[in-house]
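Peer 1: Quick one: this structure, given as structure tokens, is what I'll be asking you about.
The values are calculated or read from the model by the stated rules, or taken from the named source; none is laboratory data. Values in this document were obtained by computation on a predicted structure and should not be read as measured data. Cβ: placed from backbone, ideal geometry, glycine included. Neighbour counts: every protein chain shown. Ligands, DNA and RNA are stripped out before the accessible areas are found, and what is left, the full protein with its side chains, is counted by its heavy atoms. Shrake-Rupley method; radii C 1.70, N 1.55, O 1.52, S 1.80 Å.
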Amino acid sequence: MTVHRSTAPLMGTAREWAVDLVVAVGIGVLLGLMGPFGSFFNGGAPVRIAYWVGSVVTGMAVIGWLARLGLALAWRRDWPLWAVLPPIVLIGALLQGAPLRLVAVALWPEIDQLVPPLAWYGQCVAITTPIVLAYYFIRIRPLARAREALVPVAAPAATVDPGAVLYLRMEDHYVRIRTEHGSRLEMGPLARVTAGLSGVEGLQTHRSWWVARRAIVGVERDGRNLRLRLVDGQTAPVSRASVAKLRAAGWLVAENLT
């Protein structure tokens, strides 16, 4: 089996990170000259610029890392991408703001009395929010669209017996085809591979899963979440949008719940 390396790695390329950090330096210099949140009165311009450059660069690194992890989590859990933005803002502001306050107090001790920790965190949230939104539209959203729309022209059709397929599972830009005899990877979106399984009784249970009915040995419930137990010991997630479809097909009868 030959698999080509993805041209759009989830954690980003070195060039993307270099561009992001250069932009962060520029924003930091601008903020150092402007002196927002009262920092204009904290010493001379060189100190302010150094402080804000360091702040924005570390913030960009933290936000970039969190945003891409959030994207991976949204794909795995079948969540809309916007749902992970508020946690990224709140967690990113905390991870950046706590050590940043120590640096600021070391440079300007009066900040410890003038700006309480909660107010400091609020300022960090105010700065982090536009950075997260910009990062989302510039980096994350295009990456998500590229992943969902990827249809390689030269990719060959799946050469497996449809009747032997147990389930399909997305893995980055590839579909893992699990059969009775093993598994293989096929490059392309899930819909392209499922198109060749029209004669097989199966359903798409999740954005990244398709399951043949004969592969199911039971259904597990974890609170409001459902998962299908499969013959090879794996469990396939069931998105909330797919529950009604599976129930109508008779896949979720009460006696199968464990």
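Peer 1: Looking at (1) in contact (Cβ under 8 Å) with a residue 40 or more places away in the chain; (2) open to solvent by less than 70 Å² (accessible area, probe 1.4 Å); (3) not aliphatic (A, V, I, L, M), find the lone condition where K245 falls short.
Peer 2: Looking at each condition in turn, K245 falls short on (2).
Peer 1: I would also like to ask the following. Checking W120 against (1) over 30 Å from L226 (Cβ atoms); (2) among the aromatic types (F, W, Y); (3) under 15 Å from the mean Cα position of the chain (by Cα): exactly one of these is not met. Which one?
Peer 2: Looking at each condition in turn, W120 falls short on (3).
Peer 1: Let me ask something else about it. Only one of R227, R214, R221 is open to solvent by 40 Å² or more (accessible area, probe 1.4 Å), outside any helix (DSSP H, G or I), of a type outside the set (S, T, Y) and more than 24 Å from H173 (Cα to Cα). Can you tell me which? Break it down into steps so the answer makes sense when it comes.
Peer 2: On the way: R227 fails: more than 24 Å from H173 (Cα to Cα); R214 fails: outside any helix (DSSP H, G or I).
Only one candidate passes the filter, namely R221.
Peer 1: Sticking with this one: Tally time: how many residues in segment 185-211 are more than 23 Å from P80 (Cβ to Cβ), at pLDDT 85 or above and open to solvent by 40 Å² or more (accessible area, probe 1.4 Å)?
Peer 2: 1
Peer 1: Could you list, in sequence order, the residues of segment 230-239 that are without any contact (Cβ under 8 Å) to a residue 60 or more places away in the chain and either open to solvent by 20 Å² or more (accessible area, probe 1.4 Å) or on the phi > 0 side of the Ramachandran plot (or both)?
Peer 2: G233, T235
To keep it simple, each residue is scored yes or no on (1) among the hydrophobic types (A, V, I, L, M, F, W, C); (2) open to solvent by less than 20 Å² (accessible area, probe 1.4 Å); (3) outside any helix (DSSP H, G or I); (4) closer than 21 Å to A18 by Cα.
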residue: V62; (1), (2), (3), (4): yes, no, no, yes
residue: W65; (1), (2), (3), (4): yes, no, no, yes
residue: L73; (1), (2), (3), (4): yes, no, no, no
residue: G92; (1), (2), (3), (4): no, yes, no, yes
residue: Q96; (1), (2), (3), (4): no, no, no, yes
residue: P99; (1), (2), (3), (4): no, no, no, no
residue: V105; (1), (2), (3), (4): yes, no, no, no
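Peer 1: Only residues that are part of a helix (DSSP H, G or I) and open to solvent by less than 10 Å² (accessible area, probe 1.4 Å): list them for segment 163-180, please.
Peer 2: Across segment 163-180, the qualifying residue is only A164.
Peer 1: With the condition kept exactly as written, say whether any residue in segment 19-29 is in contact with a Ser or Thr (Cβ under 7 Å, 6 or more places away or on another chain) and either modelled with pLDDT of 80 or more or not in a loop (DSSP other than H, G, I, E, B) (or both). Let's see the steps before the verdict.
Peer 2: Residues of segment 19-29 in contact with a Ser or Thr (Cβ under 7 Å, 6 or more places away or on another chain): 28.
Retained after the next criterion (residues that are either modelled with pLDDT of 80 or more or not in a loop (DSSP other than H, G, I, E, B) (or both)): 28.
Yes: one or more hits.
Peer 1: Which one of these is under 14 Å from W120 (Cβ atoms) and modelled with pLDDT under 85: A98, A104, A72, A93?
Peer 2: Working: A98 fails: modelled with pLDDT under 85; A72 fails: under 14 Å from W120 (Cβ atoms); A93 fails: modelled with pLDDT under 85.
The conditions single out A104.
For (1) touching a Gly at 6+ places or on another chain (Cβ under 6 Å); (2) over 30 Å from M170 (Cα atoms), each residue gets a yes or a no:
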{"residue": "W52", "(1), (2)": "yes, yes"}
{"residue": "P80", "(1), (2)": "no, no"}
{"residue": "V125", "(1), (2)": "no, yes"}
{"residue": "T129", "(1), (2)": "no, yes"}
